[in-house]
Structure formats: structure tokens, C-alpha cells
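Report on one structure; see the data block that follows.
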Amino acid sequence: MWKLRKMGHITITGSSMNIVKSRVNSIQNNDQSQTAVIPQVAIIMGSDSDLPIMKDAAVVLKNFDVPFEVIIVSAHRTPDRMYSFASSAKNKGIHVIIAGTGGAAHLPGLVASLTSLPVIGIPIRTASLDGVDSLLSIVEESQWPPLQLVIQPMQPC
């Protein structure tokens with residue numbers, strides 16, 4: 001892992017500013033009094049620049065009251081973190097992994113090879129090949145372990 005590299009953001013939501021402040025304080029004070037919700041879905045991506053696409057998955061899960069977590073984990077920049085995440089996801093209560101990735105799109109396939117959980121690959125549009133490279137990389141992954149593909153409609157340029 002690169003030293004001092006930003007790995008992601010924490011988003012805290014609530015129905016009022018007081019609830020958000022309370023949640024921030026409990027995190028800062030390592031308060032264990034609030035009941036933790038175990039996420040059932042993990043939304044992972046290789047970089048925080050993928051978040052504008054992957055946030056749609058979070059919106060749908062939130063609308064259906066499905067607990068989820070969002071994690072920045074790179075197959076290239078943080079392979080140890082990716083390995084640790086994928087091999088422990090099932091034991092943490094995760095039921096499915098949604099992996100968004102651009103370019104060579106290694107993340108969904110590598111994660112699928114390390115877990116028995118279903119992995120859904122989301123190709124993310126890139127500047128050089130308009131996301132076709134990501135799509136083909138995910139489609140060409142082996143059929144076992146199972147790896148699903150979701151294609152996002154491309155926005156007109």
C-alpha cells in the first residue's frame with residue numbers, strides 16, 4: 001500500500017444533523033453502544049473516482065433497506081487488502097459483492113477467485129476505450145467461480 005494514500009471516505013447519514021453529529025462522535029470516541037448493522041452487500045471499487053458510477057448501487061440498496069458497505073480496494077495498488085477483504089467477506093456476513101472497475105478490470109475476477117460468494121462485475125467507462133476494455137475483461141473471466149456482469153447504459157458524449 002502506498003504510504004499516506006487516501007483510501008476512501010466515510011459517509012455518515014441521518015435524518016437530522018443531531019443524529020449525524022451523534023454518529024460522528026460515537027465513531028471518534030470508539031463508542032460501542034450503538035448496535036452495528038452487519039452489511040449484507042459489499043460495494044467495492046478500485047478507486048474513489050469510480051464512486052459516481054457505483055453510488056447508484058448504493059442508492060438502490062438503500063431504497064430496499066439492504067445493509068451495505070462501500071470499500072475502496074484495488075487489485076493493483078492494494079493487493080493484500082483486496083485478498084484480505086475477499087477471503088473474509090463471507091465470514092463477516094456479506095452475501096454478495098458488487099465490484100466496479102475500469103481499464104483491465106481485474107478486481108471482479110480476482111475477488112471471485114478468492115471467495116465462494118457471488119460477485120457482480122460493473123465495467124466502468126474509461127477515456128481510452130470508452131469502457132469496452134473493462135467490459136471485455138469481465139466477460140472473458142473464467143466461468144468458475146461465478147462472475148456476473150452488469151452493463152451500465154453509456155451517457156452520450
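Rounded to the nearest whole angstrom, the semi-axes of the ellipsoid equivalent to the stretch 72-133, taken from the Cα gyration tensor as √(5λ), stand at 22, 12, 8, largest first. Residue 132 sits with roughly 80 Å² accessible to a 1.4 Å probe, with DNA, RNA and ligands left out of the calculation. Surface composition of the stretch 41-104: carbon and sulfur make up 58 percent of the accessible area, probe 1.4 Å.
Between residue 113 and residue 69, full extension at 0.36 nm per residue minus the direct alpha carbon distance yields a gain of 13.8 nm.
The values are calculated or read from the model by the stated rules, or taken from the named source; none is laboratory data. Predicted model only: the values in this text are computed from it and were never measured. In case anyone asks, the SASA skips ligands and DNA or RNA and just uses the protein heavy atoms, side chains included. Shrake-Rupley method; radii C 1.70, N 1.55, O 1.52, S 1.80 Å.
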